[in-house]
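The values are calculated or read from the model by the stated rules, or taken from the named source; none is laboratory data. Not measured: the values here are computed from a predicted model. Heads up, the Cβs are rebuilt from the backbone with ideal geometry, glycines too, and the neighbour counts pull from every protein chain shown.
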Amino acid sequence: MIDLYTWTTPNGRKISVMLEECGFKYQVHPINIREGEQFKPEFVKICPNSKIPAIVDEDEKVSIFESGAILIHLAEKTGEFLPARNPGRAKVLEWLMWQMANIGPMLGQANHFANTASEKIPYAIDRYVSESARLVKVMDDQLSRTEYLAGDYSIADIATYPWVAVAFGFIKGAKADVIGEGANVDRWIKAIAARPAVQTGMEIPKV
Ligand SMILES: N[C@@H](CCC(=O)N[C@@H](CS)C(=O)NCC(=O)O)C(=O)O
């Protein structure tokens, strides 16, 4: 059994999608980050960084925070979505790290400054929306060469999809020139959105 600590955000949904893809049994523990539950001592014991997602894998007696580390753990446990050998393994880890270091942080900041912040700061909005659009263009170029980010469907796609699916609308609005109609990213979003495990995982947690 796996305990999943999560909330209704892209980083959380990476893990519910992966758990659904793998068919693992898991129990969902919603951590309401808008009400500060991520700072409660019982959660900080599992995630000292006070951010979702985190898991406790009872079978292996291990707790893990950071979505990339959780995805690698689950992929190794199931033997799917991360090739065991190179060059496939290196390519998946390359695009997974690219997501963790770029797509997540930059789209997160773009969403914050464009949509959430009470004060609208044009410099910050432009900086993060432009960088997000540049990153989506990097994806689009890669997806002109490969069906999924690292070849076959993998944890690199599972990590990237929840962010791009959520943020695509406002980046597209701001930077329609770089990811227009018929873009490879559109094709990739539609293919991933059609997967039953993705549809279920994207609705978790139900709050
Ligand atoms: N690099 C971390 C980022 C986790 C993260 O930023 N989680 C957000 C929700 S998407 C959170 O818990 N925010 C609560 C807070 O900042 O207090 C990961 O990928 O797991």
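Asn111 meets all of the listed conditions (1) without any contact (Cβ under 8 Å) to a residue 60 or more places away in the chain; (2) over 23 Å from Glu203 (Cβ atoms); (3) surrounded by 15 or more Cβ atoms within 10 Å (Cβ to Cβ); (4) in the same structural domain as Val138 (by TED's automatic domain parsing) but one, namely (2). Within the option set Ala69, Ala75, Ala54, being without any contact (Cβ under 8 Å) to a residue 24 or more places away in the chain and of a type in the set (Gly, Ala, Ser) holds for one residue only, Ala69. Any idea which residue in the range 120-149 is modelled with the highest pLDDT, counting only those that are aliphatic (A, V, I, L, M) and under 15 Å from Asn184 (Cβ atoms)? Of everything passing the filter in the range 120-149, Leu149 is modelled with the highest pLDDT. For Ile103, the stated conditions do not hold, so it cannot be described as outside the structural domain of Tyr161 (by TED's automatic domain parsing), crowded, with 18+ Cβ neighbours inside 10 Å and either at negative phi or touching a Gly at 6+ places or on another chain (Cβ under 8 Å) (or both). On the basis of being within 17 Å of Ala193 (Cβ to Cβ), out of contact with any Leu (no Cβ under 6 Å at 6 or more places or on another chain), not charged (D, E, K, R) and not assigned by TED's automatic domain parsing to the domain that holds Ile72, does Tyr128 make the cut? Here the answer is no, as Tyr128 does not meet what is asked.
Does Glu21 satisfy being crowded, with 18+ Cβ neighbours inside 10 Å, part of a helix (DSSP H, G or I), not assigned by TED's automatic domain parsing to the domain that holds Gly151 and not hydroxyl-bearing (Ser, Thr, Tyr)? Don't jump to the end; show me each part of the working.
On the way: crowded, with 18+ Cβ neighbours inside 10 Å: yes; part of a helix (DSSP H, G or I): yes; not assigned by TED's automatic domain parsing to the domain that holds Gly151: yes; not hydroxyl-bearing (Ser, Thr, Tyr): yes.
Yes, satisfied.
The test for being in a loop (DSSP other than H, G, I, E, B), over 19 Å from Pro205 (Cα atoms) and either hydrophobic (A, V, I, L, M, F, W, C) or outside the structural domain of Ser130 (by TED's automatic domain parsing) (or both) holds for Phe81.
The rows are residues; the columns are (1) part of a helix (DSSP H, G or I); (2) within 9 Å of the ligand (Cβ to nearest atom).
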position	(1), (2)
Leu4	no, no
Asn11	yes, yes
Lys14	yes, yes
Pro48	no, no
Lys77	yes, no
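When only residues in the range 61-75 that are within 17 Å of Ala150 (Cβ to Cβ) and under 14 Å from the mean Cα position of the chain (by Cα) count, which is nearest to the ligand (Cβ to nearest atom)? Taking the candidates together, the pick is Ser67.
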